[in-house]
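Enquirer: Take a look at this one; I'll ask things after.
Every read-out reported here was derived from the displayed coordinates using simple, explicitly stated rules and does not represent laboratory data. Note that the structure is predicted; figures quoted are calculated from it, not measured. Glycine also receives a Cβ, built like all others from the backbone with ideal geometry; neighbour counts cover every protein chain displayed.
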Amino acid sequence: MAELTHYRFNIAFFVKEAREKQRRTRRSLCGCSKLSPETLKIIGKTVAEVFPTIDSHGLSQENAALLLRRFEEMCRRQKVSVPLVAHAGALRLLISELAINAKALKANPNKLVPVTLYCGAIGPTLIRKFPDLAANTIGTIRHAVDKNPSDPEGFLTRYETTVACLGQLCADPTHPFRRFKDIPWIPRHIAIHNLSDPLKAMFSLIDRIDAYGKKSLDPNDEFHCFVHQPGIFTYAAIHHLKNMTKFLRRVKTNYEMLCSESEFAPLKKGFKMSVAIGYPNKAAEYLRAFLQGKGNDEEPPRPTGHPHTGKPVRKAAAPGLSPLAEEFSKAFGGLCLKKPNSYNL
């Protein structure tokens, strides 16, 4: 701690007190900064002098300056004067806290500036208090620190409570949510994106699914081809709520194209549908590669990246399907969980 103390000025204690005052007021740190030109000049000089001399742990110099500027702005809003000798020590402390968060959450440090500013080195605490999330869905914790940097712990506590309550409702054979009993990722998805009113979101999801499902019973409806695969409406409502029609049309076009090609005739329709969903831009290319690998008695070749972004994806649980298609296939049992007339609650 001696490195963070300058002329008997305890930097760690000063930063802690500033955060406590910010937490008590419950004011957001969003909005424009109103720092004086003199203060901005001091911050720029401090970053230029200190940043090259320390281990940045992957943090860019630009975000290091942002971290110090937002800390200064927090102090200004709380009417806390930052002594001139405190800037260098505060920058070192904030970067060390950010490094701890990045290591604990396995995240890019440049994305952890807000949560570090609000809460300090909270990453290990979140990992310890939410071991199940840390072990199975650490992305949920990253989402919490990204979207709720002022109180990620409170967000995760409410999230776990909400998921448990929705799970109980889904397990109730008399409740409308019973249709999601065997699809546990839906309550989790609803909870993390609609924590303020999850029940309303669940009922809206059901209404949306039923609206498309009932329309598909009409032989003249453009999505009548999905009448025996109603699980696709659930998938579309979850992942493409704002543009369900556009997504379904794209899947339909891909699926019809795959079914019309004689070279894909040996493949099951459910598999073609999964590929049409998971590889909307290169479904035919993927199936050709799959057939070539299968003909050589080899495991079907896996894609090197996400079909949309090209970024690396997690290892798939089963060969031959993209992560999206696998999730869909697992959730809806090969795309045929419900009968065409089973849309009523």
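Enquirer: What net charge do the residues around VAL163 carry, taking every other residue with its C-beta under 12 Å from that of VAL163, with Lys and Arg at +1 and Asp and Glu at -1? Working shown, then result.
Expert: Values: positive: ARG158, ARG188; negative: ASP132, GLU160.
So the surrounding residues net to 0.
Enquirer: May I ask you to derive the FRET efficiency for SER56 and ARG178 from their Cβ-Cβ distance with R0 = 35 Å, giving the value to the nearest 0.05?
Expert: Step by step, r from the Cβ atoms, then E = 0.10.
Enquirer: Here's a follow-up. Distances over 26 Å make up what percent of all Cα-Cα pairs in the range 2-124?
Expert: 12
Enquirer: Between MET257 and LYS129, how many nm apart are label points set 7 Å from Cα along the C-beta direction?
Expert: 4.9
Enquirer: Here is a follow-up. Tell me the Kirkwood hydrodynamic radius of the range 97-236 in angstroms, computed as one over the mean inverse distance between distinct C-alpha pairs.
Expert: 16.9
Enquirer: Now for a different question. Quickly rank 125-137, 58-70 as a protection proxy: mean count of other C-beta atoms within 10 Å, highest first.
Expert: Ranking the peptides 125-137, 58-70 by packing returns 58-70, 125-137.
Enquirer: Next question. So, in nm, how far is label LYS215 from label PHE203 when the simple model puts each one 7 Å beyond its Cα toward the Cβ?
Expert: 2.2
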